[in-house]
1. Being under 30 Å from the mean Cα position of the chain (by Cα) and part of a strand (DSSP E or B) is the filter here; which residues of the range 77-92 pass it?
2. Among the residues that make up the range 8-16, is at least one of them modelled with pLDDT under 95, of a type outside the set (Asp, Glu) and closer than 24 Å to residue 121 by Cβ?
3. Considering the range 119-160 alone, what residues qualify as being small (Gly, Ala, Ser), under 22 Å from residue 201 (Cβ atoms) and not in a strand (DSSP E or B)?
4. Just checking, how many residues over the range 94-118 are modelled with pLDDT under 90, open to solvent by 50 Å² or more (accessible area, probe 1.4 Å) and assigned to a helix (DSSP H, G or I)?
5. Tell me, which strands (runs of 3 or more DSSP E) lie completely within the range 4-76 with 1 or more residues that are among the aromatic types (Phe, Trp, Tyr) and either touching a strand residue (DSSP E or B) at 6+ places or on another chain (Cβ under 9 Å) or open to solvent by less than 10 Å² (accessible area, probe 1.4 Å) (or both)?
6. Taking the stated definitions as given, is residue 233 under 17 Å from residue 136 (Cβ atoms) and part of a helix (DSSP H, G or I)?
7. Please go through the range 175-206 and give me each residue that is part of a strand (DSSP E or B) and surrounded by 15 or more Cβ atoms within 10 Å (Cβ to Cβ), ordered by number.
8. I'd like to check something: does the range 153-160 contain any residue that is buried (at least 17 other Cβ atoms within 10 Å of the Cβ), over 26 Å from the mean Cα position of the chain (by Cα) and either of a type in the set (Gly, Ala, Ser) or modelled with pLDDT under 95 (or both)?
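The values are calculated or read from the model by the stated rules, or taken from the named source; none is laboratory data. Model, not experiment: these values are computed from the prediction. Quick reminder, even Gly has a Cβ in these numbers, built from the backbone with ideal geometry, and neighbours come from all protein chains shown. Each accessible area value is taken on the protein alone, full model and side chains, heavy atoms only, with ligands, DNA and RNA left out. Shrake-Rupley method; radii C 1.70, N 1.55, O 1.52, S 1.80 Å.
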Amino acid sequence: MADQAWRVLIVDDEPPIRAELNYLLKQDGRVGRIEEAGGATEAVEKILAFGPEVLFLDIQMPGTSGVQLADTLQKLKKPPVIVFVTAFSEYAAEAFELDAADYVLKPVEQDRLEKALDKVENALNARRPAVAEPVRRIQGERNGKRTYIPVTDIAYIEARADYASAHTETGTYLVNDSISVLERRLANEGFLRVHRSFLVNIDDVRDVEVLKPSGLMQLKLGRTDASIPVSRRRATGVKKQLGLA
């Protein structure tokens with residue numbers, strides 16, 4: 001089942017066919033609100049106002065054809081997933097060139113429609129951004145001994161050429177990754193790049209100081225009692241993250 005019922009738009013110039021497809025779609029729990037349009041112009045209006053995730057689209061319609069409409073919709077930032085519904089099988093190759101999820105021949109049967117909706121579900125799932133797995137710990141070395149450091153124990157990370165030092169309350173660990181790699185890995189774990197040489201655990205910031213006369217910022221950390229400089233280029237972003245802007 002879908003996480004949320006889909007908004008669906010049926011585009012066909014024949015009202016009886018729209019009504020039949022509407023009825024069949026309502027039998028599937030993945031489908032939510034359904035709107036109808038009798039042609040390409042009305043379809044565009046409905047798409048802009050209604051924002052359907054799924055479009056069931058007839059190919060042969062007066063004026064702008066379904067293929068032409070589908071080609072135009074590909075220019076949208078988030079075009080709907082398209083299923084072509086038509087009485088003519090010869091358009092199949094052209095339809096799939098437009099990345100249609102499926103191509104269903106009229107008259108539409110419930111079993112065939114279910115298979116099309118399965119393909120729609122796969123297409124929608126493929127568009128969802130991958131959820132990054134949380135990083136619980138990173139590998140480091142101290143006194144010649146390799147160990148795993150819980151990410152929550154790290155107060156800040158300092159660049160050391162192609163390596164980095166992870167500073168904790170109990171000591172410093174050499175990490176066999178660059179600070180840029182660690183910045184990407186820890187982006188969702190509360191770490192913020194405040195300087196080309198420093199990555200800071202936001203939860204560990206206890207105070208913000210502005211140095212005179214330079215006006216440069218530095219962050220006072222809790223567990224390590226370290227003072228970390230903030231570069232001018234990154235100052236605005238750091239203030240926003242700390243709720244100071």
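1. Applying the first criterion (under 30 Å from the mean Cα position of the chain (by Cα)) to the range 77-92 yields 77-85.
81, 82, 83, 84, 85 - these are the residues of the range 77-92 that are under 30 Å from the mean Cα position of the chain (by Cα) and part of a strand (DSSP E or B).
2. No, the range 8-16 has no match at all.
3. Within the range 119-160, just 132 meets the criteria.
4. 3
5. Output list reads 6-11, 54-58.
6. Here the answer is no, as residue 233 does not meet what is asked.
7. Correct list: 175, 191, 192, 193, 194, 195, 198, 199, 200, 201, 205.
8. yes
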